[in-house]
Every structure is written in C-alpha cells, then in structure tokens.
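See structure below.
What follows draws every value from the coordinates through simple rules; no lab data is involved. Quantities reported herein were computed from a predicted structural model and do not represent experimental measurements. Every residue, glycine as well, gets a Cβ built from its backbone with ideal geometry; the counts of neighbours run over all protein chains shown.
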Amino acid sequence: MQKDHSGQIISCKAAVAWEFDKPLVIEEVEVAPPQEKEVRIKIVATGVCQSDLYFLLKCMNKALFPSVFGHEAAGIVESIGPGVTEFQPGDKVIPLFMPQCRECHLCKSPKTNLCVNGSAGHFDGKNFESSRITCKGKKLLQFLGVSSFSEYTVVKELALAKIDPAAPLDKVCVIGCAICTGYGAAVNSAKVEPGSTCAVFGLGAVGLAAVMGCRAAGAKRIIAIDINPEKFEKAKIFGATDVVNPNDHSKPIHQVMVEMTNGGVDYSIECIGNVEIMRRALESCIPGWGVSVIAGWTNMQDISTQPIQLMTGRKWTGTLFGGFKGKDGVSQMVKAYLDKKVMVDELITHNMTLDQINEAITLMKHGQCIRTVLSVSTQ
C-alpha cells in the first residue's frame, strides 16, 4: 500500500539541470505539498522531447537554470490542494504545458487553444517563486510548469488532464506533447482535406504524428522528408506514400516538391524547428490555396520569405500543441488510442529509467531514436 504523504514534503529523485549544456544530475529533491488549486502527482513515465534538449543544449537562456526539465508525461494523483474539485488521489493523469482553465476569453473561443494562464513560448525565468521543487536549499524552475524528470511534481489543476484508468501510462505519456502537436498540426491547424497532397518535413516523433494526422484526415498523397533514411520505413507505417531525402537531390527541396506534385503540395508541415526549412516548406506549397504550418520550435532566428509567396495565396501559420485545447484534447486522444484509432506504441523506440536520462539525451541528440520513454516511478 502506498504511504500517505498528503500535506507533507516528499523527498524523491529528480534529474536536475544545474547549468546550460551540462549533463543532468540525479539528485534528491524536496517536493512541497500542493497549494490552492494545485495537484501533486507521481510521475510514472515521461518522454524525452526535442524541446527539452533545445532549452538544455541550444538556446543559451541562462535564466532557466537550475531547472527540472520534462513536460511529456503521465502519472497518478498523489494528493490535492485546497479548492481542487476535478481530481482525486489515484486518478490517472497527463500534465499539460498548454493549460485549459475553461473560463478565460481564450479558452471560451473555438478559434484558439491558448489560455491566459499559459506560459508556453515565454521563458524568462520568473517562475522560480511558484516552483514547488527545491534541491540543496535552492528552488528549481519547473519547466513549462511541469518538470516530469522528477518522481513527484506539483502542477496547477488547470494544467492537468484526467485520462481513462485503462490507459497504459508508459505509452500515453507521449500524447502529452509529440502526438498532439504533430497530429493536431495536420487535422486542427492545417485542416488537411480528403484527397489532398501533403508534405511533412522532419520525421521525429512530431513529424511521424503529423504523417498520421494527414492520413487520418484523408490525404491521398503524403510525402515524408528527412535527411535520415533510416526513418523512412517508420514513416510508411504511419501513412507516408512517398519518402524523400533532400541529400539525394541537387535542387533545393521546395523545387523537388513542386516538380513531384505538378505545382506544389496542398499542405506542408515543418516539424524540425529550422527557419530555413520553414521557408522551404512554405515554398513547397501550391499557389492559390497552399497552407504551411510551423510545428517545430525555435526562437533563435527570424523567419523570412519573399512577399509574393504569400501574395499569391499561400497561407503561413503555426501551431502550439497542435491546436488542441489541453484538457479536452488529451482526453480525446487517449480515448482514440484506446479505440485503436491513433498509433502511439510505434513511436516509442527506446525504454529506459530516469537514471539513464543522459543516455536518452545522447540518443536523441544524434538522431538514434524516435522517442525514448523513461520509467520514473512504479505505479
């Protein structure tokens, strides 16, 4: 029987990022009890996402450290704070980096999945005071309000989705970021139509989920693009009809796409976070009605294109979390997985433990995995 820690500080293991571009350190941390409208959860499994690596290894924002990264996870409610009505201890849950309060003007609008309480895209390091995780007397930043590289964490009630008790947590954790981001980029943001032609740039977990979304939306031709041909067979499993390695061509990839499709694709989705590829994805679209969606994250360079690319009718847009409203979208996608309408298991190429997190980071850094899931705690 699990010991009741409600109202008490829990000491547990977490992978702490003390400094930019340094290996994570497994430390003993203290996780405070949940406060008003907060929930403390035991993290059972967490995916290692490119966004974690981006902020740990690339973006050079030192205001984020020391931090506990991790935001794609699943767990079990351990205790609830005052005023919490939606959750009870024992509930299976997925934490959300895109909260849904259901009360603000953004949540009430069908036009967006943003919430005024969300911080996605804003990383100024001002959230240390609200963190419930400390180590050696220092507060650790809770990355995106989640911090799933810890055995326990505390999140806001509005940033947590209750899921079906039958869901396997070591699988559905990937729905908390990659699946919703890629799949939703196709079905919600691009609004892919039956019979259309699509191009997906980048075949990591988000890109493969985007391929799956294009297929679910009824696209007749789905061109999967990556410089790593080892990903092509996996792309075909998710629905790709064509695979293209830009390194096999002497022409720029957008010209290759235009020639392959007699003028350009109806929809393109960029899933890498590379501003040059974002431009190529846009210019791969057909004039008149082509839509290009940016799903890959970066904030280090500006995007650019010639105005005529947009003046001739192409649309350039972006997506966070695939346009899914947090609580609603995650519950919906977990149900779709249990109903065998969405593939998740096929994305997971490696299973490791929290102690092996630096190995998992190395795998992703070198493109040797699609998604590694870490076992953090036993259920």
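Side notes on the structure shown:
- Spin-label zone in the stretch 262-276 - amide nitrogen under 18 Å from a point set 7 Å from the Cα of GLN306 along the C-beta vector: 263-265, 276
- 12 Å beta-carbon shell around PHE143, net charge (K/R +1, D/E -1): -2
- Put the Cα centre of the stretch 211-270 next to the Cα centre of the stretch 136-206 and the gap is 24 Å.
- DSSP bridge orientation in the chain - percent antiparallel, rounded to nearest 5: 55 percent
- Rel. contact order, % - alpha carbon contacts under 8 angstrom, at least six apart, the stretch 182-320: 23 percent
- Average projection, convex hull of the Cα set of the stretch 182-320: 7.4 square nanometres.
- With the highest mean first, a sort of the peptides 269-276, 296-303, 190-197, 14-21 on other beta-carbon atoms found within 10 angstrom per residue produces 269-276, 14-21, 190-197, 296-303.
- Modelled spin-label separation between SER109 and GLN35, with each label point placed 7 Å from Cα along the Cα-to-Cβ direction: 2.9 nm.
- Alpha-carbon centroid distance for the pair the stretch 301-379 / the stretch 35-71, whole angstrom: 15 Å
- ILE26 paired with TRP289, simple spin-label distance in nm, labels 7 Å along Cα-to-beta-carbon: 5.5 nm
- Distance between the pseudo-spin-label points of GLN8 and ALA63 (7 Å out from Cα toward the beta carbon): 3.8 nm.
- Here Rg and Dmax of the Cα atoms in Å was computed from the coordinates, and among [x] 21.7, 65; [y] 20.4, 65; [z] 28.9, 97 the match is [y].
- Fully extending the segment from ARG102 to MET352 would add 86.4 nm, taking 0.36 nm per residue of separation and subtracting the current Cα-Cα distance.
- Each residue of the stretch 137-149 was assigned a 3J(HN,Hα) from its phi angle through the Karplus expression (A = 6.51, B = -1.76, C = 1.60, θ = phi - 60°), giving x, 10, 6, 9, 4, 8, 4, 6, x, 10, 6, 8, 7 Hz with x at Gly and Pro.
- Relative contact order %, the chain, counting alpha carbon pairs below 8 Å whose residues are six or more apart: 18 percent
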